[in-house]
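A short worksheet on the structure shown next.
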Ligand SMILES: Nc1nc2c(ncn2[C@@H]2O[C@H](COP(=O)(O)OP(=O)(O)O)[C@@H](O)[C@H]2O)c(=O)[nH]1
Ligand SMILES: [Mg+2]
């Protein structure tokens, strides 16, 4: 498995705060809220601005109630459900996120298709897991800080994805971090887990604002790992896999 890049080593961190990024972020915002893109829609830049779009499939995995649907909504800038309804099958959400590569200053739009599948549906219908796994680029393993069993279950979840391990970005996400007063999982345990598994652990929680600040770090980390994985694969195959629009220059 490729060694993880340190955060901020591949894409410019906090680029959304720089004036030069405004034109790009304006394409994913509307009236200070995130724009929603249908399956056939994409951000439109002026013709003279050549921006490549890279496509990835990202699966959210975790016990029922840990916050998969909420995380997908948060990342896409949708409102977060207050009530918990078990997701009945597979739901997908598409989001776009512009990043600037540190190496050469090029801007890329990451098109992330988030797959959110209800845990009970996964157990009842055998055909769902193979379609979730098919051509998946990243898996986010979720646990909730308020549900000890979801944390203890992580090794099982990760084991489900042992193959093909070298072409799937894996990240662990601790949800409901805003409820840390009721936390069943200590920071020390999280650190130990991180060291043992060699996987990064991100934390989410609290009210999502309409801005980009609360998702920027998360999406940049994910984009960075996806890009790194592609570059490593391209070195091996000498054929980058995720360019669908425009050529790699
Ligand atoms: N306080 C808090 N509640 C959350 C968070 N994420 C999810 N929830 C709540 O937890 C419940 C289950 O979330 P949901 O996304 O439906 O879980 P799923 O079954 O994994 O899709 C819902 O009532 C959400 O509002 C969070 O980060 N903080
Ligand atoms: Mg759900």
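The values are calculated or read from the model by the stated rules, or taken from the named source; none is laboratory data. None of these values were measured; they are calculated from a predicted model. When we count neighbours, we look across all protein chains shown, and the Cβ atoms used for this are built from the backbone with ideal geometry, even at glycine.
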Does at least one position in region 89-112 carry a residue that is surrounded by 19 or more Cβ atoms within 10 Å (Cβ to Cβ), within 16 Å of ligand 1 (Cβ to nearest atom), within 19 Å of the chain's Cα centre (by Cα) and over 26 Å from residue 229 (Cα atoms)? no
Taking the residues in region 24-74 that are in contact with a helix residue (DSSP H, G or I) (Cβ under 6 Å, 6 or more places away or on another chain) and assigned to a loop (DSSP other than H, G, I, E, B) as candidates, determine which candidate is surrounded by the fewest Cβ atoms within 10 Å (Cβ to Cβ). 64
The residue from 9, 21 that alone is away from ligand 2 (no atom under 16 Å from the Cβ), touching a helix residue (DSSP H, G or I) at 6+ places or on another chain (Cβ under 9 Å), touching a residue at least 60 places away in the same chain (Cβ under 8 Å) and part of a helix (DSSP H, G or I) is 21
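When you go through 225, 167 one by one, which is the residue that is within 28 Å of residue 11 (Cα to Cα) and at pLDDT 95 or above?
After ruling out the rest, the residue left standing is 225.
Can you confirm whether region 37-58 contains a residue that is within 16 Å of ligand 1 (Cβ to nearest atom), under 29 Å from residue 88 (Cα atoms), under 21 Å from the mean Cα position of the chain (by Cα) and in contact (Cβ under 8 Å) with a residue 12 or more places away in the chain? I'd like the intermediate steps shown before the answer.
Going through region 37-58, the residues within 16 Å of ligand 1 (Cβ to nearest atom) turn out to be 58.
Filter once more, keeping what is under 29 Å from residue 88 (Cα atoms): 58.
Pick out the ones that are also under 21 Å from the mean Cα position of the chain (by Cα) and you get 58.
Those still in the list that are in contact (Cβ under 8 Å) with a residue 12 or more places away in the chain too: 58.
Within region 37-58, one or more residues are within 16 Å of ligand 1 (Cβ to nearest atom), under 29 Å from residue 88 (Cα atoms), under 21 Å from the mean Cα position of the chain (by Cα) and in contact (Cβ under 8 Å) with a residue 12 or more places away in the chain.
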Being part of a loop (DSSP other than H, G, I, E, B) and in contact (Cβ under 8 Å) with a residue 40 or more places away in the chain is the filter; apply it to region 75-87 and report the residue that is farthest from ligand 2 (Cβ to nearest atom). 77
Unique residue being assigned to a strand (DSSP E or B) and without any contact (Cβ under 8 Å) to a residue 60 or more places away in the chain when the list is 185, 172, 139, 99: 172
Unmet requirement for residue 143, which otherwise passes all of (1) closer than 24 Å to residue 41 by Cβ; (2) within 16 Å of ligand 2 (Cβ to nearest atom): (1)
Anything in region 118-131 that is assigned to a helix (DSSP H, G or I) and more than 14 Å from ligand 1 (Cβ to nearest atom)? List them, or say none. 124, 128, 129, 130, 131
